[in-house]
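The values are calculated or read from the model by the stated rules, or taken from the named source; none is laboratory data. Predicted, not measured: the structure shown is a model, and the values here were computed from it. All Cβ positions, glycine included, derive from the backbone under ideal geometry; neighbour counts span all protein chains shown. Quick note on the areas: whole protein, heavy atoms, side chains included, nothing else; ligands and nucleic acids left out. Shrake-Rupley method; radii C 1.70, N 1.55, O 1.52, S 1.80 Å.
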Amino acid sequence: MPLRWTKPSKPSALAATFAAALAVTGGAGAHAKDAAHVAAGVALEDLHLDIQPRSEDERARIAEVTAPTTDFSNPEKFEALPGGAASVRLRQNADAFSQPSGNISFEGELDFKVGNGLFKKIWVSAPSSTLASDGLGPLYNARSCQRCHLKDGRGHPPEGPTDSNVSMFLRVSVPGGPEEAEIEDFIATAPEPHYGTQLQDFSLAGLPAEGQMRIDYEEIPVSLSDGESASLRKPTYRVEDLGYGPMAADVMLSPRVAPQMIGLGLLEAIPVEDILAHADPDDADGDGISGRANVVRSVEFDLPMLGRFGLKAGAPTIRHQSAAAFDGDIGISNPLFTGAYGECTDLQAGCREAPDGRDMDKGGFEIDETGLDLVTFYSRNLAVPERVDLDDPEVLRGKEVFYSVNCQSCHVPKFVTHRMQGRPEQSFQLIWPYSDLLLHDMGEGLADNRPEARATGREWRTAPLWGIGLTERVSGHAYFLHDGRARSILEAILWHGGEAQAARDAVVSMPAPDRAALIRFLESL
């Protein structure tokens, strides 16, 4: 079924009012850079978008609209719509993250539903009479996208020895590997010789799985002000039941839980120049915050691009991220990652020789260009729910606390997306993701000690905060951070170190009512 790009349905009155505001509001421009930026030694451009360049007057108006607020007595204009006109009414059930963009056309909604079907599809081993669904593995972490991103929400670590690891896995690599001469500060790594770049804990009949991730936790008490306390669980990871020999002595392991899916298309539409405007790699302003751009080679364009997606911003586009997940997580070949054996290494001969589901009717892949585009379209258009309780006094106080301890330096509240052809749902929207999409040193406590492109072993991409308060409703748990170690928003804050150490310490020492208000504000996002 081909994609049909059409004009969006009529936007909401609030979104129309915002568009009018941008048209008439003046102000000093904060961004006076060209569309192509030099960062990390290469020119970074939005190669994935068909954009209409901004005029200097428009840049100035946008800069005024996106400037940090100083008034916490009332909600800001348009704050109720974190995804702009693409926002949707909040559902009171687990489907809160599974709605299409609020401004999507009728034809676009049909494509969204077909993409959803492919996202949920259970893949089977080849050969199979179900030709449209065969090609699983031979090694894999899940049989569908939905198995990891259940209800399009967050994954979680296993609750115990009998619980599945299906929404969490280990990335693996060793030091060394090919350099990227075009990317300054690139940190070369290579796949682990036996196990590749991630540990697959499932396999087809007749082949051993690669191994099983095991987690041990240590409880660490934390004293807070006003007699309150918390406990952090510190994880230690190991791998058991290795199926293909010992791992290299210098192997680097990085646990990852599946992130939530909402708002991805809006993040993809933020101008690269606006993201880089928040980068301060040498901390020139002396505030202790030094965000850096991750720069990665695009499989689509064979050029360095700004990394936006993944826990270390290791993928530049949703299509790249989706194709890599088909390959690594499910073992499905596609136009970007063409190996029919998924992530099987040269030393896994039985895996390399197993039957596959390649089909000439699908371009010689197991999912073809159209299928990949539909899944990408679905992922791009998962809507951000509208916010509630914006005018609650405790929420407003919590927002003021959020700003007072400088959380907004990394969790940047708002951006305006590009004007674009072909992506009307994401075009020219004021959005509130609460992320700068940059890398930050989060301290030794959260370090995985595994580099990814320019990201060091202590750096992580700032996680978008929109929808964070709906996690338990959608996913049935309240686990946060890259490996789900935090069992609450407060625990996630208390794990912050490095560039966020001062903010974390301020939360520990502030009066208990302010701490409660801060959590209430975050839960309202």
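Return yes or no: is ASP373 open to solvent by 10 Å² or more (accessible area, probe 1.4 Å) and either in contact with a Cys (Cβ under 9 Å, 6 or more places away or on another chain) or in a helix (DSSP H, G or I) (or both)? Yes; evaluated as a whole, the condition is true for this residue.
Scan segment 149-167 and tell me whether some residue there is assigned to a strand (DSSP E or B) and open to solvent by 30 Å² or more (accessible area, probe 1.4 Å). No - not one qualifying residue is present in segment 149-167. In the set ILE289, ILE215, ILE262, ILE275, only one residue is in contact with a Ser or Thr (Cβ under 6 Å, 6 or more places away or on another chain) and either of a type in the set (A, V, I, L, M, F, W, C) or part of a loop (DSSP other than H, G, I, E, B) (or both); that residue is ILE289. Pairing residues of segment 111-138 that are farther than 25 Å from ALA354 by Cα with residues that are open to solvent by 50 Å² or more (accessible area, probe 1.4 Å), at Cβ distances under 7 Å and at least 6 apart in sequence or on separate chains, gives ASP111/ARG4; VAL114/MET1. When THR338 is tested against (1) hydroxyl-bearing (Ser, Thr, Tyr); (2) open to solvent by less than 30 Å² (accessible area, probe 1.4 Å); (3) over 30 Å from ASP216 (Cβ atoms), just one condition goes unmet, and that condition is (2). May I ask you to list the residues in segment 310-320 that are open to solvent by 10 Å² or more (accessible area, probe 1.4 Å) and within 19 Å of VAL257 (Cβ to Cβ)? Result: GLY310, LEU311, GLY314. Within segment 411-444, being within 19 Å of the chain's Cα centre (by Cα), farther than 21 Å from PHE78 by Cα and open to solvent by 20 Å² or more (accessible area, probe 1.4 Å) holds for ASP441, MET442. Note on segment 356-405: among residues that are modelled with pLDDT of 95 or more and among the basic types (Lys, Arg), the one that is nearest to PRO316 (Cα to Cα) is ARG380. Here the condition is being part of a strand (DSSP E or B), open to solvent by less than 40 Å² (accessible area, probe 1.4 Å) and more than 30 Å from SER379 (Cβ to Cβ); of ALA248, ALA230, it holds for ALA230 alone. Number of residues in segment 93-109 that are open to solvent by 50 Å² or more (accessible area, probe 1.4 Å), of a type outside the set (Phe, Trp, Tyr) and in contact (Cβ under 8 Å) with a residue 40 or more places away in the chain equals 2.
The residue of segment 357-370 that is farthest from the chain's Cα centre (by Cα), among those that are surrounded by fewer than 23 Cβ atoms within 10 Å (Cβ to Cβ) and outside any helix (DSSP H, G or I), is ASP359.
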